[in-house]
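Please read through the structure below; I'll follow up with questions.
The values are calculated or read from the model by the stated rules, or taken from the named source; none is laboratory data. What you see is a predicted model; the values in this text were computed from it and never measured. Glycine gets a Cβ as well: all are built from the backbone with ideal geometry, and neighbour counts include every protein chain shown.
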Amino acid sequence: MMQNVPDFSELLAGAQHSAVHLEMRDSYGIASEAEGFSQFKRTGVRRDVDPDSDGWSGWVAMIRDAVARGVTVRRARIVSEPVTDYVRYEHAGTVVNLAAGEQVRWLPRRQASDVALPGNDFWLFDGRIVRFNHFTGDGASGGPEMCADPAVAKLCAEAFEAVWERAVPHENYTV
């Protein structure tokens, strides 16, 4: 594992072909999302879905730039059903990921039982550099970790592709 972890934006800017993201938690406690998630729980429907808003514009610009360079950006989420409030919140905001150029799919956890999965969420860049996203028990960021070990990259690539193949495209997945 590599100790120095470049910013996500640097890794995405360096990607030439692909960036894939596997999310496996039913809830995250990301500080920057706390207010929006709290409002979503209160209202059940309101979520910032403006790609040009302060909360999304940086992300949208990064993804659009990568896609414009020919990088395929895919995100797969493994979720328990019935889904948590947080997954409903993610689902409601996914329209922005799609507008930015990401492809997103959802896989019910019961359909992933026979897939060998890494222990943590990750981004895999060009099939060779893995950035693991560690989280604390309550879902706060525990910091990233980098890995360039070919065997680990292969495990992550195979896990992602197995999930992607079974997963439901966002437009067909309801929460």
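Residue-by-condition table, conditions (1) in a helix (DSSP H, G or I); (2) more than 17 Å from residue 174 (Cβ to Cβ):
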position	(1), (2)
41	yes, yes
52	no, yes
61	yes, yes
66	yes, yes
74	no, yes
88	yes, no
98	yes, no
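Can you tell me which of 149, 138, 121 is at pLDDT 95 or above, surrounded by fewer than 18 Cβ atoms within 10 Å (Cβ to Cβ) and not hydroxyl-bearing (Ser, Thr, Tyr)? Please lay out each step first, then the result.
On the way: 138 fails: at pLDDT 95 or above; 121 fails: surrounded by fewer than 18 Cβ atoms within 10 Å (Cβ to Cβ).
Among 149, 138, 121, only 149 is at pLDDT 95 or above, surrounded by fewer than 18 Cβ atoms within 10 Å (Cβ to Cβ) and not hydroxyl-bearing (Ser, Thr, Tyr).
With (1) without any contact (Cβ under 8 Å) to a residue 24 or more places away in the chain; (2) surrounded by 14 or more Cβ atoms within 10 Å (Cβ to Cβ); (3) under 21 Å from residue 145 (Cβ atoms) as the list, and residue 8 as the residue in question, which single condition is left unmet?
Failed condition: (1).
Within region 31-39, is there a residue that is assigned to a loop (DSSP other than H, G, I, E, B) and either among the small types (Gly, Ala, Ser) or touching a residue at least 12 places away in the same chain (Cβ under 8 Å) (or both)? Let's see the steps before the verdict.
Here is the first cut: in region 31-39, the ones assigned to a loop (DSSP other than H, G, I, E, B) are none.
No; the residues of region 31-39 include none that is assigned to a loop (DSSP other than H, G, I, E, B) and either among the small types (Gly, Ala, Ser) or touching a residue at least 12 places away in the same chain (Cβ under 8 Å) (or both).
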